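The values are calculated or read from the model by the stated rules, or taken from the named source; none is laboratory data. Everything numeric in this text was worked out from a predicted model, so none of it was measured. Cβ placement follows ideal geometry from the backbone for every residue including glycine, while neighbour counts extend to all protein chains displayed. Heads up: the accessible areas ignore ligands, DNA and RNA and are worked out on the full protein's heavy atoms, side chains in. Shrake-Rupley method; radii C 1.70, N 1.55, O 1.52, S 1.80 Å.
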Amino acid sequence: MDVLRVEKLKAFYIMESAGEERAVKAVNDVSLTVRENEVLGIAGESGCGKSTLLKSLLGSIRPPLRHMGGRVTYLHRDREMDILSLPKEERQKLMWQHISYVPQGSLSVLNPVRRIGDTFRSFVGAHLDIQKDPDRFESLVRSHLQDLGLPVDTLKAYPHQLSGGMRQRVTIALATILKPRLILADEPSTALDVVVQRGVIQLLRDIQTEQHNTIVMVTHDMAIHANISDRVAIMYAGRIIEEAPVERIFAKPLHPYTQYLIGSLPRIGDKSYRLSAPGTPPSLADLPPGCAFHPRCPNAESICRREIPSLSLAGRDHRVACFLAAKEDADVGSSEALGSQ
Amino acid sequence: MAFLKRYLLPRIVQYLVVIFIGGTLIFIIPRLMPVDPVQQTLERITIQGAFLDPRAIEQIREALLELYGLKGSLTEQYITMWRRLLRGDFGPSYVQFPTPVMTLIRISLPWTVGLLVTTTVLSWIVGNILGGIAAYYSTRRWAQLMENIAMLIRPIPYYIIALALLLLLAYALPVFPVTGGFSIGRRFVLSWDLIVDILKHAFLPALSLVIVGIATWFMTMRLLVSNLLAEDYIVYAQIAGVQDGEILYNYAIRNAMLPQITGLTLSLGQIFGGALITETVFSYPGLGTLLYSSINTGDYNLMMGITLLSVVAIATGVLLMDLIYPFLDPRIRYE
Amino acid sequence: MLKAVKALFQRDRRFLFGFIVIAVLFVGAVLAGFSPHDPRLWNVVPRDLPPSSKYWLGTNSMGQDVFWQALWAIRNSLVMGAIAVISSRIIAVAVGLLAGYRGGLMDRLLMTVTDSFVILPLLPILILITSIFKSRLSVTSLGIVLGIFGWAWDARVIRSQVLSLREREFTYTAVLSGMSTGKIIFREYMPYIFPLITATAMNNMLWAMGMEVTLAVLGLVSLEIPTLGTMIHWAVNSQAMLLGFWWWILTPVVLCVFIFLALYLLSLSINEFLDPRIRVQRLQGIKG
Ligand SMILES: Nc1ncnc2c1ncn2[C@@H]1O[C@H](COP(=O)(O)OP(=O)(O)OP(=O)(O)O)[C@@H](O)[C@H]1O
Ligand SMILES: [Mg+2]
């Protein structure tokens, strides 16, 4: 069963400089579905729009980001809710109990002048009546921290007093305290060293085993996807260019960009490693015509320079947006375009 | 210890440097003066008194030079000035000779401090809260109205606001007394009546200071908070569904207060200047009025005394605030 | 640059207002040169006349034409402000560049002095100075005195900009390619510092002109020279309001309000233009 459906979502940063408007097309015609209980991985190099996609999924679209079209529908208690047109109060109710979010960068997301405990209080207090029963709140937070293996003393600390790994665990604890059905996690392990990274990923896995949530996991690190994701969507220049179960992505990547990602996969934990293909990613404000990847693609043909490939079925549960891959692949005869059903 | 060295020491050095620069300026400026104050005083004495023999005059001149700190070479004078300053002795007033400047200041000081502290604290708090609210709800009509009002008041020279208020409230609506700090002829016995009288007299001066103060803090706070609204921790809390009031107070205002404390510290000197103007406009009996009368009578010693004292007072205020600051900002406290 | 100014005109009504007011006043200041009377002389016209077709803004108790007096006041106040702004800009840029670029001990030393000037209660010190020189202070010398005291805050602003520029790529490239310090500063830094100089100039002008009004009202500048401050001084000290000569006091007061508001709005609008973060907030506000 699906818990989230994204249809043709477009969200651009509209910038103006010297009186001219410029659109940074950070989320450009993205369609995807998230199924119950799965871990959906989203990968792509820095600046391709992953965080922007998550923010849009959370309904947090504010200037300079603008919603340019498409829908984001959550299925909750047999109701379909379009989060982008939901009244603010309804959206707030949906948050944290049903959908929650682990933001990117753990230092900047915690209020620097309040203790961690106070942050828990305001986040939980927004959804449960903790005034009435402060003891229950205390024990809820304590037991949750203990479950995640975090010292209770953390509650008394200020964000800058904690190490990066600790803060990241705190944001994860904060996001999971109300046992949400769906967790959107944005690079929860980036900028941590390897051992800590593994710990954080393990933590998320444990939570998922325990709470049976669905997780959307954004990270540019393919090794982590290999480790935790059930399905992986690859993002390039604001679009999803390939989407498949994790085994298949690694065994049979179809898009030349995905092939680079997999091909350049280093030994696990090599810190110097960053996703990269030859050449540089295009500016999202000034995309090349046709397939955005064609300037870096070794086998680009003339059609790639003219038309934008759509995401088409290329095998079981495998979709790719590439004219060449679809042609090559024998499994599928025609490149039948696939929207949402 | 590291905290002492990194945070405290530079502040104490700063304190000493402010006083040093202020003192030195105040030492140099009057010495550029074309008239000789000793000669002036002597002339006044000889005009008043009938005849004095030249030796007596010479003695008086010596005594005056000593009193005014004008004896010896410039270096000696400079050292004498600091020595006197450390003792809290600013010499005698030229005009109300031989009353020490310090005595005159001591009488006026409580009026100014009372007015200044109350209005500064009040306008700082109100201005910051209103500014924070207006920034958070910047799309609402009332918030934009508040901003426009503050924007109109903010740039007008303080003197003009005070004058307008004086004309408007005291002549057009004569509810509050226009001038003075208390009713003339009142005896200073502590009583309810006296307090009411003083408050009534302080109302207009205080109101003018508060209006301008609120507008100033409002404008900076509005800017600070509207910048803060893009901070990750505020966006995160909003996504998490934390209530607006909670975010506004505990996230936005709390964080924006910290730079505002620094702002308050740095603008103390300017605020003090504002209070001086108020006092002259409303003839309120504080340091400003004393300064104004010293300008009119050419009482340089008194002027220097007031200026020096304000330098020391403001530097001390700044130092005190710097000492309090780490208690408010955990990031500095726990480094 | 031109495009930017054009955009400001189109987008920002505050900029438009400020610009028009300042432009009109500037024309007025130039016209002052065509005044039929010497602004220092008394009794050149009948006294205490209300506004009429002959004396547009009436005459005052000293027998001066308020209209021409006001034009002179605008001219002198603007000239005084401009001199203060230019001289304080020179100090602020020099101190800011030196402290920011050299860093280390030099930076600490200069910033301690700068902060001292920020903290010092300038009004009493300026009162001390002006009360000593009083009538000897010309428009130019008062401007310079205000410039000498009004640079500190802006030096700080410029310094922090230089500090952040120093960390950027192009500084390293420039240093490595053997560019001289002077060249680096003028070629690479000036494009970033220049907008700051413009933006802070408006605020400084506000401060300097406000200070002039204050000092003049206290009678601490040369009172024969017509400025906005001295006009108010004469009107208040001659009890213009009590005697009902409202045109005499209202003219300088209204002019003050317009000039200061215009300068302030200009500075707000330029600052916003330079800081994209605030611009975004505006956008949000407009969108509703
Ligand atoms: N507030 C903003 N204003 C303008 N442009 C922005 C803003 N935030 C992001 N962008 C631009 O949008 C694009 C996508 O940014 P986004 O943060 O979504 O990338 P990302 O894939 O999450 O990158 P990373 O891996 O570095 O986190 C980038 O080109 C970025 O420069
Ligand atoms: Mg990101």
Discussion item. At a cut-off of 20 Å², which residues of region B:227-243 become less accessible once all protein chains are present than in their chain alone, using a 1.4 Å probe?
Written reply: B:ASN227, B:LEU229, B:ASP232, B:TYR233, B:VAL235, B:TYR236, B:GLN238, B:ILE239, B:ALA240, B:GLY241, B:VAL242, B:GLN243
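Taking 0.36 nm per intervening residue step and subtracting the Cα-Cα distance, what contour gain separates A:LYS88 from A:ASP286 on full extension? The partial results should precede the final answer.
Numbers: separation 198, 0.36 × 198 = 71.28 nm, distance 3.36 nm.
Residue separation times 0.36 nm, minus the Cα-Cα distance, leaves 67.9 nm.
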Worksheet, complete the sentence: Candidates B:ILE324, B:ILE161, B:ILE133; GNM for chain B (alpha-carbon contacts under 10 Å) flags as most fluctuating B:ILE324
Worksheet, complete the sentence: Where a ≥ b ≥ c are root eigenvalues of the Cα gyration tensor, a/c under 1.5 meaning rounded, otherwise prolate if a/b exceeds b/c and oblate otherwise, region C:1-136 counts as oblate
Worksheet, complete the sentence: Between A:HIS212 and A:ARG79, the two model label points (7 Å from Cα along the beta-carbon direction) sit apart by a distance in nm of 2.2
Item to complete: Report, in deg cm²/dmol and to the nearest 500, the calculated mean residue ellipticity at 222 nm for chain C, where each DSSP H run with n ≥ 4 adds -39500 (n - 2.57) and the sum is divided by the residue count.
Response: -24000 deg cm²/dmol
Worksheet item: Here are some pairs, A:LYS8/A:LYS50; A:LYS25/A:LYS50; A:LYS93/A:LYS179; A:LYS88/A:LYS132; A:LYS25/A:LYS55; which of them have Cα atoms lying more than 19 Å apart in this structure?
Response: A:LYS88/A:LYS132
Discussion item. Excluding ligands, DNA and RNA, what is the accessible area buried between chains B and A, summed over both sides, using a 1.4 Å probe, to the nearest 100 Å²?
Written reply: 2400
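In square angstrom and rounded to 100, what buried accessible area do you get between chains A and C, total over both, with the probe at 1.4 Å?
Values: alone 16340 and 15560 Å², together 31030 Å².
So the buried area, both faces added, is about 900 Å².
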Worksheet item: Which one of B:LEU209, B:PRO259, B:GLY241 is farthest out on the positive end of the charge dipole of region B:108-284, using unit charges on Cβ (Lys, Arg +1; Asp, Glu -1) and the Cα centre as origin?
Response: B:LEU209
Worksheet item: What distance in nm separates the simple spin-label points at C:ASN43 and A:ALA191, each placed 7 Å from Cα in the Cβ direction?
Response: 7.9
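Counting only protein chains, not ligands or nucleic acids, how are B:ILE211, C:ILE193 ordered by accessible area (probe 1.4 Å), most first?
Details: B:ILE211 55, C:ILE193 0 Å².
The ranking, largest first, comes out as B:ILE211, C:ILE193.
Go ahead and estimate [θ] at 222 nm for chain A from helices alone: -39,500 (n - 2.57) per DSSP H run with n ≥ 4, summed, over the residue count, rounded to 500. Each step should come with its number before you reach the end.
Values: 11 runs with 102 residues, N = 341.
Taken over chain A, the calculation gives -8500 deg cm²/dmol.
Please work out the average accessible area per residue across chain A, using the 1.4 Å probe convention, and give it in Å². Walk me through the numbers before you get to the answer.
On the way: 14750 Å² over 341 residues.
That works out to 43 Å² per residue.
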Worksheet item: What Rg and what Dmax come out for chain C when only alpha-carbon atoms are used, in angstroms?
Response: 22.1, 73
Response to the item:
Comparing each residue of region B:265-293 in the complete protein assembly with the chain by itself (heavy atoms, probe 1.4 Å, ligands and nucleic acids ignored), those losing at least 40 Å² of accessible area are B:LEU266, B:GLN270, B:ILE277, B:TYR292
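Would you mind calculating the gained length between B:THR46 and B:ARG106 on full extension (0.36 nm times residue separation, minus the Cα-Cα distance), in nm to one decimal?
On the way: separation 60, 0.36 × 60 = 21.60 nm, distance 3.07 nm.
The B:THR46-B:ARG106 span can extend by a further 18.5 nm.
As an exercise, use a Förster radius of 22 Å and the Cβ-Cβ distance of A:ARG306 and A:ARG66 to find the FRET efficiency, rounded to the nearest 0.05. Numbers along the way, then the final one.
On the way: r = 28 Å, r/R0 = 1.27.
According to the calculation, E is roughly 0.20.
For the pair C and B, how large is the buried accessible area, both sides, in square angstrom to the nearest 100, if the probe is 1.4 Å? Numbers along the way, then the final one.
Details: alone 15560 and 19270 Å², together 30420 Å².
So the buried area, both faces added, is about 4400 Å².
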Discussion item. Just to be sure I understand: with springs between alpha-carbon atoms less than 10 Å apart, which residue in C:SER164, C:SER88, C:SER53 has the highest mean-square fluctuation in the Gaussian network model of chain C?
Written reply: C:SER53
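What number comes out for accessible area per residue over chain B if the probe is 1.4 Å? Units Å², please.
Accessible area per residue: 47 Å².
Within 10 Å of each candidate Cβ there may be at most 16 other Cβ atoms; applying that plus a DSSP loop requirement, which chymotrypsin sites (Phe, Trp or Tyr not before Pro) in region B:196-305 survive? Show your work: numbers first, answer last.
Values: sites: B:PHE203, B:TRP217, B:PHE218, B:TYR233, B:TYR236, B:TYR249, B:TYR251, B:PHE272, B:PHE282, B:TYR292, B:TYR300; in loops: none.
For chymotrypsin sites (Phe, Trp or Tyr not before Pro) across region B:196-305 that sit outside H, G, I, E and B with at most 16 neighbouring Cβ atoms in 10 Å, the list is empty.
So which helices of chain B fit the span-like rule, where a helix is a whole DSSP H run, its Cα atoms reach 30 Å or more along the axis, and its mean Kyte-Doolittle is at least -1.0? Don't skip to the end; give the middle numbers.
Numbers: long enough: B:9-31 (33 Å, 1.66); B:101-136 (50 Å, 1.46); B:192-228 (48 Å, 1.38); B:254-282 (37 Å, 0.78); B:300-328 (41 Å, 1.74).
TM-like helix candidates: B:9-31, B:101-136, B:192-228, B:254-282, B:300-328.
Figure the gain on full extension for C:ALA23 and C:ARG168 (residue separation times 0.36 nm, minus the Cα-Cα span) and round it to one decimal in nm.
Working: separation 145, 0.36 × 145 = 52.20 nm, distance 3.86 nm.
Difference between extended and current length: 48.3 nm.
Calculated FRET efficiency, A:ARG205 and B:TYR137, Cβ-Cβ r, R0 51 Å, to nearest 0.05?
On the way: r = 42 Å, r/R0 = 0.83.
Once the sixth-power term is evaluated, E becomes 0.75.
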Worksheet, complete the sentence: In chain C, helical segments from DSSP H whose Cα atoms cover 20 Å or more along their own axis and that average at least 1.0 on the Kyte-Doolittle scale are C:13-31, C:66-102, C:104-119, C:190-217, C:246-274
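For the protein assembly as shown, give the percent of accessible area contributed by carbon and sulfur heavy atoms, probe 1.4 Å, rounded to a whole number.
Answer for the protein assembly as shown is 62 percent, counting heavy atoms of protein chains only.
Explain nothing, just the number: relative contact order of region C:8-287, from Cα pairs under 8 Å at least 6 residues apart, as a whole percent. Write down the numbers at each step before the final one.
Details: 352 pairs, mean separation 73.2, N = 280.
Value for region C:8-287: 26 percent.
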Practice prompt. Determine the per residue accessible area of region C:8-287 with all protein chains present and a 1.4 angstrom probe, expressed in square angstrom.
Written response: 44
Worksheet item: In nm, to one decimal, how far is the C:MET62 label point from the A:LYS132 one, both placed 7 Å along Cα→Cβ?
Response: 7.6
Discussion item. Among C:PRO36, C:LEU98, C:ASN60, which residue has its Cα furthest toward the positive end of the charge dipole of region C:1-115, with +1 on Lys/Arg Cβ and -1 on Asp/Glu Cβ?
Written reply: C:LEU98
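With +1 on the Cβ of every Lys and Arg and -1 on the Cβ of every Asp and Glu, and nothing else charged, how large is the dipole of region B:108-284 about its Cα centre, in debye rounded to the nearest 20? Kindly include the intermediate steps, with their values, before the conclusion.
On the way: 8 positive and 8 negative charges, 69 e Å.
My answer is approximately 340 debye.
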